[in-house]
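These notes concern the structure reproduced below.
The values are calculated or read from the model by the stated rules, or taken from the named source; none is laboratory data. Nothing here was measured: the structure is a model prediction, and the numbers come from that model. So basically every Cβ, Gly included, is an ideal-geometry build from the backbone, and we count neighbours across all protein chains shown.
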Amino acid sequence: VFNFAAGPATLPENVLLKAQSELYNWRGSGMSVMEMSHRGKEFLSIIQKAESDLRALLNIPSEYAVLFLQGGATTQFAAIPLNLVKLEDPVDYVVTGSWGDKAFKEAQKYCKAKVIWSGKSEKYTRIPSFEGLEQSPDAKYMHICANETIHGVEFKDYPTAKNGLLIADMSSNFCSKPVDVSKFGIIYAGAQKNVGPSGVTIVIIRKDLIGNAQEITPVMLDYKIHAENNSLYNTPPCYGIYMCGLVFEDLLAQGGLEEVEKKNKKKAELLYNAINGSNGFYRCPVEKSVRSLMNVPFTLEKPELEAEFVKEAAREKMVQLKGHRSVGGMRASIYNAMPLAGVEKLVAFMEDFQARHA
Ligand code: PLP
C-alpha cells in the first residue's frame, strides 16, 4: 500500500529490508539489535554512527549536543522550560497549530509562558509576519512548531528571537530539508514521521544551554544527565535508534538533505497543483506560501463525499488519508519515504474521483 499516515508513517522500503536481513544476526554478532546490551561495543558503534551520520546530514556544529531520548516530542514540551528557565521567567510561544498550543500549555506549568501570536481564530492557516511579532522584552526563549502536522502549516524561514534563543519542534519536518542549526537553541523531534519508529526523540541542543535545570526536574528530563552519559544514562530505545541510523545512512546515500528537499518539493507541488486545479472540488485551507511539504490537508467541496473518498482510496491501496479527528477532511502525509509514484497515484485517483462525482 501507499501509506499516507501522519506518524508513525511510511519508512523507506530498502531500510526495512536491510533491517529484516539483520534482524536475527546483526553483522555476524549472533544477536539481534533488540538483544544487545546498550553498553556493549556493538550497540555503541550503532548509536555513535547514528549520531555522526545525523551530524553530517544536518551539518550540526560542534557546539551542539545530539541526544537520543524517549517520551516523544510531548515530553520535550515540559523538558524545555524545565531545563532552560525558572518558574518566574517569561518565555514566548508562537502558536501556528495544535502542537504549538500543546507545547505552550505544558510550558505554563513550569514558567511564565505567553502566547505572542496565535492562528487559532483563523483555524491555523497561516504563519505571522516576523516583523509583527510582539516579543516580550525579557523573554528567555521563543518557541515555534516548524511544521504543524495536523494543520499543514510550515515555517519556510525562521524568526529571530530577541535574545537569540529560538526553540523549534521539528517533529514532522525533521530531515526533510536542510536547516541552519546555528539559528536555534534547541531543535527537537519525535522520530516517527521521517526518520524511524516511534519511541525515539531527538534533541539537538546548544551545549551552553545544558546544566541549568530547575531543581524539580526529573532525572529523565535533565539534558545534563543525558549529555554527560551520551544518551546512555538508562536503557535507551536501542532498536529505534538503530532504525534511525539506517534511515540517516539512506538519506546520506540519496545525496543528503538538498536532494531530499528537491524530491519533497516535487511531490508536494504535484499534489497542491492537483488541488488548485480542481476548480474548487478539492480545497486546501492553508495560505499558499506556507503550505507544508510534508502534511497536505484538504477538504471536498461536498463534505458528504469525504468518507467515500477515503474508502475508495483505501480500496486502491492508498491508506490513512482521513484528516485528523480535530479538523476533519483529508490529509495526505507525504514524508521523505513516500515515493513520487505514491503521490502520482493519489493525484490520478483524485482526478478520477472528481470526474465521477463533480
Ligand atoms: N509535535 C508535532 C509537530 C507532532 O506532529 C507530534 C506528533 O504527531 C508531536 C509533537 C507529539 O509527538 P509524540 O507523539 O512523539 O509525543
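In the range 97-108, the residues that are under 12 Å from residue 146 (Cβ atoms) form Cβ pairs under 6 Å with partners that are part of a helix (DSSP H, G or I) and of a type outside the set (A, V, I, L, M), at six or more places apart or across chains, as follows: 103/77. When the range 223-249 is examined, which residues are found to be crowded, with 20+ Cβ neighbours inside 10 Å, out of contact with any His (no Cβ under 7 Å at 6 or more places or on another chain) and not hydroxyl-bearing (Ser, Thr, Tyr)? Within the range 223-249, 226, 237, 240, 241, 243, 244, 245, 246, 247, 248 qualify. Among the residues making up the range 315-325, those that are closer than 24 Å to residue 124 by Cβ, in contact with a strand residue (DSSP E or B) (Cβ under 9 Å, 6 or more places away or on another chain) and in a loop (DSSP other than H, G, I, E, B) are 320, 321, 323, 324. Taken together, 63, 131 contain a single residue that is surrounded by fewer than 15 Cβ atoms within 10 Å (Cβ to Cβ) and over 30 Å from residue 250 (Cβ atoms), which is 131. Applying the set (1) more than 15 Å from the ligand (Cβ to nearest atom); (2) on the phi > 0 side of the Ramachandran plot to residue 222 leaves exactly one unmet item: (2). Only one of the listed residues (328, 342, 280) is in a loop (DSSP other than H, G, I, E, B), over 19 Å from the mean Cα position of the chain (by Cα) and at pLDDT 95 or above. That residue is 280. Of the helices (runs of 4 or more DSSP H) lying entirely inside the range 8-85, the ones with 2 or more residues being within 16 Å of the ligand (Cβ to nearest atom) and in contact (Cβ under 8 Å) with a residue 40 or more places away in the chain are found at 72-84. For the range 164-218, the tally of residues that are more than 12 Å from the ligand (Cβ to nearest atom), of a type in the set (Lys, Arg) and assigned to a loop (DSSP other than H, G, I, E, B) stands at 1. Of the residues in the range 104-124, at least one is within 13 Å of the ligand (Cβ to nearest atom), at pLDDT 95 or above and charged (D, E, K, R).
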